[in-house]
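The values are calculated or read from the model by the stated rules, or taken from the named source; none is laboratory data. Values in this document were obtained by computation on a predicted structure and should not be read as measured data. When the accessible area is computed, the model is the full protein with side chains, heavy atoms only, and any ligands, DNA or RNA have been set aside. Shrake-Rupley method; radii C 1.70, N 1.55, O 1.52, S 1.80 Å.
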Amino acid sequence: MHSAGCGLGSSSAELLQTIRAVGTEGISVPWMVLEELAAQQAVKYRQKYEAAVQAIEALDQNTPWKVPTVLGDYDPERVRKHCARSTATSST
């Protein structure tokens, strides 16, 4: 299964990773900031999920046979929690 990152391409995450790589000091990030980063990832997840649903529907409409495609349940809370944990772990 693919293990998606949570904002690993964002400038905030890059900064946290750079500080961690230096290894000289830890960094504390306020809980509210972590929650905001996680919420932003949940919004991106929703956008990508909706695009996937539309792509599957378009494929179904344009294929003369049944396309065996199953998209997992939409679960923004699971994404938010995963990203909050992932970001918190990368910042310590």
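Worth pointing out:
- Which of LEU71, LEU34, LEU15 is most accessible, then next, and so on - probe 1.4 Å: LEU15, LEU71, LEU34
- Length-normalised contact order for segment 29-92 - Cα pairs under 8 Å, 6+ apart - percent: 59 percent
- Accessible area per residue for segment 41-85 is 80 Å², calculated with a 1.4 Å probe on protein heavy atoms, without ligands, DNA or RNA.
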